Amino acid sequence: MLVLTRKVGERIVIDENVEITVVQVRGNKVRLGVTAPRRVSIHRPEVRKRVEEVQPRQHGAPRMPDLQATVNVRLLNQAGCIGDRL
């Protein structure tokens, strides 16, 4: 795992087409903004797991529907998914 330190407003670029921006840090909570092409699926691990349990993958069917290119990670904070590990 690569661990990086970033300040509010700073970014990380992945594979030239995915950009993660630190939007806010408040205590031990971090808000991230993710910008990516529409073809890139962006999901929280627990949501992906639930959807795959409810809708088992069928041959040739997409794993999950694509989300908007920008994701508000506030939901991760509320779900307790952001803590010591990022």
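Numerical summary
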{"read-out": "Matching residues, segment 30-48, being β-branched (Val, Ile, Thr) and in contact (Cβ under 8 Å) with a residue 40 or more places away in the chain", "value": "Val30"}
{"read-out": "Residue in segment 32-56 that is modelled with the lowest pLDDT, counting only those that are part of a loop (DSSP other than H, G, I, E, B) and surrounded by 11 or more Cβ atoms within 10 Å (Cβ to Cβ)", "value": "Gln55"}
{"read-out": "Residues located in segment 12-53, provided they are of a type in the set (S, T, N, Q) and either in contact with a Lys or Arg (Cβ under 8 Å, 6 or more places away or on another chain) or more than 19 Å from Leu2 (Cα to Cα) (or both)", "value": "Thr21, Gln24, Asn28, Thr35, Ser41"}
{"read-out": "Segment 10-29 residues that are without any contact (Cβ under 8 Å) to a residue 12 or more places away in the chain, paired with ones that are of a type in the set (A, V, I, L, M) and surrounded by 13 or more Cβ atoms within 10 Å (Cβ to Cβ) (beta carbon under 9 Å, 6 or more apart)", "value": "Arg11/Ile20; Arg11/Val22; Ile12/Val18; Ile12/Ile20; Ile12/Val22; Val13/Ile20; Ile14/Ile20; Ile14/Ala36"}
{"read-out": "Unmet criterion (only one of (1) at negative phi; (2) at pLDDT below 95) for Val8", "value": "(2)"}
{"read-out": "Lys29 being touching a helix residue (DSSP H, G or I) at 6+ places or on another chain (Cβ under 7 Å) and modelled with pLDDT of 90 or more", "value": "yes"}
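The values are calculated or read from the model by the stated rules, or taken from the named source; none is laboratory data. Bear in mind that the values here come from a model prediction, so they are computed numbers and not experimental data. Using ideal geometry, Cβ is built from the backbone for each residue, glycine included, and neighbour counts are taken over all protein chains shown.
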